[in-house]
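Input: a single structure, listed below in structure tokens.
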Amino acid sequence: MAEMKKAVITVLGSDQKGIIAKVSDVLFRHDVNILDISQTILSGLFNMVLIADISSANCDFSALSDALTAFGQERNLQVRVQRSEIFEAMHQI
Amino acid sequence: MLNTNEILETLRMIDEEKLDVRTITMGISLFSCVSDDTRRLCDNIYDRITRKAERLVKVGEDIEKEYGVPIVNKRIAVTPAALITGKCDPLSVAHALDRAAKETGVNFLGGYSALVQKGMTEADRALIASIPEALATTDLVCSSVNVGSTRAGIDMDAVKLMGKAVKDTAERTRDRDGFGCAKLVVFSNAVEDNPFMAGAFFGPGEGDCAVSVGVSGPGTVKRALEKVKGQPFDAVAEMIKRTAFRITRVGQLVAREASARLNVPFGIVDLSLAPTPAVGDSVAAILEEMGLEVCGTHGTTAALALLNDAVKKGGVMASSHVGGLSGAFIPVSEDIGMIHAAECGALSIEKLEAMTCVCSVGLDMIAIPGDTSAETISAIIADEAAIGMINNKTTAVRVIPVPGKKVGEMVEFGGLLGRAPIIPVREYSSAEFVNRGGRIPAPLHSLRN
């Protein structure tokens, strides 16, 4: 089996309704499976980290990234999509 | 599995502490381009570079997007031009290199270079003579000349020529405050795989093509040291090592990925702390965080020695191949802390010289008065080359004698090259010393004290 390709999606910004719903929707439409999700509100600031399996995505990384960041711009949220290797490299030996 | 804190910490390092990959540099050998016809040589060079580096910028941008880490520069380093020009016109080669660099979209191309630590060929002399005009009439070409080494000693004839080349380059780019000199480095013990400009070239011992990466992140180290305020140096060194390890892992990841996507072998990761003029991206600020009021005061050399060594110790395990210059850079105009230290008089050229004994490279991006003589610049080069030669390390000189400006005035280069106050040099003459010429013999390798 091919190694799973993972992406880390982070959303930062003011708390508002439907953020998780919308992000999940975008992921669902791109055939991406959510592996882990955690969110907190720190002094009114919405803070979400989502780890997804993008091996089966129906588009390339760039298209997925653009779709999510476009949503972020619409709602004035900072949305970032990054390959998980950068975090693994920095925090795991 | 990754945890949320680690993910957020990485984002903070990138956003607030300005962690970035400073450069992806593709080294390209130009030996296959040789010809006895200048026109054909230039065509060969242009074709080879534009073919090899065709996707370099695009791949760099893709990696930047996918991993979310800025890759500030994409650059090319080539075989030292004097090794392939033969009897051809070096200036035409400089222009071909500049056209090729522009076509590929890179920020800079290094390798308008000569290695003359033991002596000069006709081609070396022709290239050195052409440097001022080459730098004045190209935009992206960087030049470097190696004038000394631990094994060969110092070629004082070349040192003399380079003092004049620096002076003439400043004069030829007078309208831009001597900007040409920012693209000219004079080395001792130059390394063949340095990915950083202006001194990058792809040495004759390298293969056909390779990608190397230079990492950065002074802001990250500074922030980490804030956590060990007041603690003994043991804690400081440990903290720097841990941070350097993380920074370098990012560099290694990017290098491996770029190598795979470009289908070009991975060269090295250069374990460097390279500052920029941005606030929070300063090497001087790290030294000050260790407890110095201003960078340049007594204790600075010791602080820099610790920093430089700890960066290497931390980084070396994070990468499969380490090389280049590897260490902390102290370019005055490119570091806001250094600029401030030079402005308030805490940092003199003599202190900078002492600092070069224990850090990555040398006297870097230092603005000196426009009326400094060519012989004085040669003597500065000779001093710095001697430090490199005796201590078995790379040293370099990149000074800018700013035409028409005097001590205390500021010069603005803009962008990553920053700005610098003009600092004084000694006014007593070194002309008779420099005019002797010949070679300073290679030093003894035993009885080391």
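Here is how the numbers come out for the structure above:
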| read-out | value |
| --- | --- |
| Volume in Å³ per residue [convex hull over Cα atoms, computed for chain A] | 101 Å³ |
| Relative contact order of chain B, defined on C-alpha pairs under 8 angstrom at six or more residues apart (%) | 18 percent |
| Overall form of chain B per C-alpha gyration tensor (a/c, 1.5; a/b vs b/c) | oblate |
| Efficiency of FRET between B:ALA129 and B:MET410 - r from beta-carbon atoms, R0 45 angstrom, step 0.05 | 0.90 |
| Shape of the protein assembly as shown, Cα gyration tensor, a/c cut at 1.5 | prolate |
| Farthest toward positive dipole pole in chain B [+1 Lys/Arg, -1 Asp/Glu at C-beta], among B:TYR46, B:LEU135, B:GLY207 | B:GLY207 |
| Gyration tensor verdict on segment B:354-428 (Cα atoms; rounded if a/c is under 1.5, prolate if a/b is larger than b/c, oblate otherwise) | oblate |
| Unsatisfied cross-links (Cα-Cα over 18 Å) in the set B:LYS18/B:LYS222; B:LYS18/B:LYS393; B:LYS102/B:LYS183; B:LYS167/B:LYS405 | B:LYS18/B:LYS393 |
| List of segment B:43-88 residues, accessible area with partners at least 40 Å² below that of the chain alone (1.4 Å probe) | B:LYS65, B:GLU66, B:TYR67 |
| Residue-span extension gain [B:SER429 to B:HIS321] - 0.36 nm each, minus C-alpha spacing | 34.4 nm |
| Separation of the A:ASN76 and B:ARG51 label points, Cα + 7 Å toward Cβ, nm | 5.4 nm |
| Förster-model FRET efficiency, 25 Å R0, B:ARG261 and B:MET1, C-beta, rounded to 0.05 | 0.40 |
| Contact order relative to length of segment A:6-90, as percent, for alpha carbon pairs under 8 angstrom and 6 or more apart | 42 percent |
| Lysines with Cα under 23 Å of A:LYS6, excluding same-chain neighbours fewer than 8 positions away | A:LYS22, B:LYS58, B:LYS65 |
| Whole-angstrom gap from segment A:33-47 to segment B:285-339, using each part's C-alpha centre | 37 Å |
| Most fluctuating residue given options B:GLY163, B:GLY370, B:GLY299, as computed from a GNM of chain B linking Cα atoms under 10 Å | B:GLY299 |
| Heavy atoms of B:HIS321 accessible to a 1.4 Å probe, total area in Å² rounded to 10 | 100 Å² |
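The values are calculated or read from the model by the stated rules, or taken from the named source; none is laboratory data. If you're wondering where the values come from, they're calculated on a predicted model, not measured in any experiment. Every residue, glycine among them, receives a Cβ derived from its backbone with ideal geometry; neighbour counts consider all protein chains shown. Quick note on the areas: whole protein, heavy atoms, side chains included, nothing else; ligands and nucleic acids left out. Shrake-Rupley method; radii C 1.70, N 1.55, O 1.52, S 1.80 Å.
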